[in-house]
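Step one of this worksheet: look at the structure below.
Rule-based calculations on the coordinates, nothing more; no lab input. Treat the numbers as computed from the prediction; the structure is a model and nothing was measured. With ideal geometry, Cβ positions are generated from the backbone for all residues, glycine too; neighbour counts draw on all protein chains shown.
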Amino acid sequence: MLYQAYELSHAAMRPYRGLAQATRKMLNAPGNPWRVMPGYKELSAACEVFEGLTKRYGKPDFGITDVMVGDVSVPVTEEIVQRLPFGSLLHFKRDPAALPKGQTNAPKALLVAPMSGHYATLLRGTVHAMLRDHDVYITDWHDARETPLANGFFDLDDYIEYLMTFIRTLGPGVNVIAVCQPGPAALAATAIMAAGNDPMQPATLTIMGSPIDSRLSPTVPNDLAVSKPYQWFEQNVIYNVPMSYPGVMRRVYPGFLQLTGFMTMNMDRHVDAHVKLYDNLVAGDGDSVDQHKVFYDEYLSVMDMTAEFYLDTIKRVFQDHDLPDGKFRWRGRLVEPKAIEKTALLTVEGEKDDISGIGQTQAAHALCINIPADRKADWVQPGVGHYGVFNGRRWRDEIQPRISAFTKDNA
């Protein structure tokens, strides 16, 4: 009933949100004589903050229209290469006519986005930086509440199968880059393809800030996953999609619950951010207001994930540690990372990561014992947290160039 209660509360706030919006527009209208009265800026700011806190945020756009390749601005268009019920393979196609010489055959990079409550657009900055010298694709996961029950279920094994399908679609020599949560799945997919001597197995696998072995340097989310039995998660965080969505009656872990968990971890920071938003609106600091909105428009956009995928991840990755303990199975078959010999491996961690602690991603090297030492690398980025591993200035200036050099060296 929690999901239904959430929907009802959102609907109940609609008239108040409409009133706040109308009040703000009236106060800011150029011809409004009350704009000279004391307190109008404060009231307008309060209305705008209220709107932002109570409205629903849909899936954002990537909004990548061009990229600088060397000294040349190259137009970029999005195209769906492959559409499956629970996710699509999205291509950021650089205009070949505008590319500088030597960039028309850039290496293919498949960014594996997490299915953890936020949309793949969270990796917008990751995509944009990679486009400088790669032909970039991304896994664009679909909101489970928008996927009809007739399309069946989607668990961790299905997720791995989707990855292998996308890799094979892109052909030989692809460079797989798994960001955060999908690290274990990407490692498993690579191992399965290697064990079958699949000609499409990746040229390189980069794993960033990922829980390959969440027992190492455990963080608050890691502790939460083991603080309750599996049945607790099944009984307390799984709900049926309400009638108003195409996925009605599908069992999901709702995005709003995931977002609540994220925000309560740093509630003081979020409260302070909105207090500062109010102050900046009153002061007319447009740049600071825009920065706040850019971040929270993305952060507050959440999607539901299927119950079976979420519960599988809790149990197999965070509670039972199947992959590092050598007991991970896919469709009943044992997955052995030692089968990987041809794919080069790079791991990237953030020094201050409070989601995947130091060592959790590096654990992949101990599992992939048959990759030659000269085709393995590890990098711990000083001074960045989890988000900084794949976004921001340090990502653009220090981490992405290392990944680019690694993929080229191991093509």
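Compute the length gained on full extension between Val81 and Phe295: take 0.36 nm times their separation in residues and subtract their Cα-Cα distance, giving the result in nm to one decimal.
74.2 nm
Please give every one of the lysines within straight-line cross-link reach of Lys293, meaning a C-alpha to C-alpha distance under 26 Å, and leave out same-chain neighbours fewer than 8 residues apart.
Within the straight-line limit of under 26 Å, Lys293 reaches these lysines: Lys25, Lys41, Lys55, Lys59, Lys276, Lys352.
Cut-off under 16 Å on the C-alpha distance; same-chain residues fewer than 8 positions from Lys342 excluded. Which aspartates and glutamates are left, in chain and number order?
Correct list for Lys342: Asp198, Asp374, Asp409.
Connecting C-alpha atoms closer than 10 Å in a GNM of the chain, tell me which of Lys293, Lys108, Lys59 has the biggest fluctuation.
Maximum fluctuation in the GNM of the chain, among the listed residues, is at Lys293.
Which one of Pro38, His10, Val49 has its Cα pushed farthest toward the positive end of the charge dipole of the range 1-56, where Lys and Arg give +1 and Asp and Glu give -1 at the Cβ?
Pro38
Which shape class, rounded, prolate or oblate, goes with the range 300-409 when its Cα gyration tensor gives a ≥ b ≥ c as root eigenvalues, a/c under 1.5 marks rounded, and past that a/b bigger than b/c marks prolate?
oblate
Set the Förster distance to 51 Å, then compute FRET efficiency between Gln319 and Arg14 from the Cβ-Cβ distance, nearest 0.05.
For R0 = 51 Å, the calculated efficiency reads 0.80.
Could you please rank Met200, Met303, Met208, placing first whichever residue has the fewest other Cβ atoms within 10 Å of its Cβ?
Ordered by Cβ neighbours within 10 Å, fewest first: Met200, Met303, Met208.
What number, in percent, do you get for the relative contact order of the range 1-56 if the mean sequence gap of Cα pairs under 8 Å and at least 6 apart is divided by its residue count?
42 percent
What dipole magnitude, in Debye to the nearest 20, does the range 119-223 give about its Cα centre under +1 on Lys/Arg Cβ and -1 on Asp/Glu Cβ?
Dipole about the Cα centre, nearest 20: 260 debye.
Before anything else, pin down the relative contact order of the range 211-301: Cα pairs under 8 Å, at least 6 apart, normalised by residue count, whole percent.
13 percent
Rank Met267, Phe256, Tyr296 by how far each Cα sits towards the positive end of the charge dipole of the range 255-303 (+1 on Lys, Arg Cβ; -1 on Asp, Glu Cβ) and give me just the farthest.
Phe256
Each residue of the range 249-254 in order: what ³J(HN,Hα) in whole Hz does its phi give by Karplus 6.51 cos²θ - 1.76 cosθ + 1.60, θ = phi - 60°, with x for Gly and Pro?
For the range 249-254, the Karplus curve yields 6, 5, 7, 9, 9, x Hz.
According to the square roots a ≥ b ≥ c of the eigenvalues of the Cα gyration tensor, what is the shape class of the range 255-303, taking rounded for a/c under 1.5, prolate for a/b larger than b/c otherwise, and oblate for the remainder?
Since a/c reaches 1.5 but b/c is at least a/b, the shape of the range 255-303 is classed as oblate.
Residue by residue through the range 289-302, what is 3J(HN,Hα) from phi via Karplus (6.51 cos²θ - 1.76 cosθ + 1.60, θ = phi - 60°)? Round to whole Hz and write x for glycine and proline.
Per residue, the Karplus-derived 3J(HN,Hα) values read 4, 5, 4, 4, 5, 4, 5, 6, 4, 7, 5, 8, 8, 10 Hz.
With springs only between Cα atoms under 10 Å apart, run a GNM on the chain and tell me which of Ala185, Ala273, Ala307 wobbles the most.
Ala273
Given a 10 angstrom Cα cut-off, can you work out which residue in Gly171, Gly332, Gly70 is the most mobile in a GNM of the chain?
Gly332
Roughly what % antiparallel, to the nearest 5, for the DSSP beta bridges in the chain?
Given both bridge residues lie in the chain, the antiparallel proportion sits at roughly 50 percent.
Is the shape of the range 1-56 best called rounded, prolate or oblate, per the rule: a/c under 1.5 gives rounded, else a/b larger than b/c gives prolate, else oblate, with a ≥ b ≥ c the square roots of the Cα gyration tensor eigenvalues?
prolate
Normalised by the number of residues in the range 270-411, what is the relative contact order in percent for Cα pairs under 8 Å and 6+ residues apart?
17 percent
Please list the non-local residues whose amide H lies under 5 Å from the amide H of Asp135, H modeled 1.01 Å from N, same-chain partners needing a gap of 5 or more.
Residues meeting the criterion, in which the H sits 1.01 Å from N, are Lys108, Ala109.
Taking neighbour counts of Cβ atoms within 10 Å as a proxy for exposure, in what order, fewest first, do Ser288, Ser9 appear?
Ser9, Ser288
Report, in whole Å, the centroid distance computed from the Cα atoms of the range 155-184 and the range 264-341.
Result: 19 Å between the Cα centres.
So what's the angle, to the nearest 10 degrees on a 0 to 90 scale, between helix 14-28 and the longest Cα principal axis of the chain?
The angle comes out near 70 degrees.
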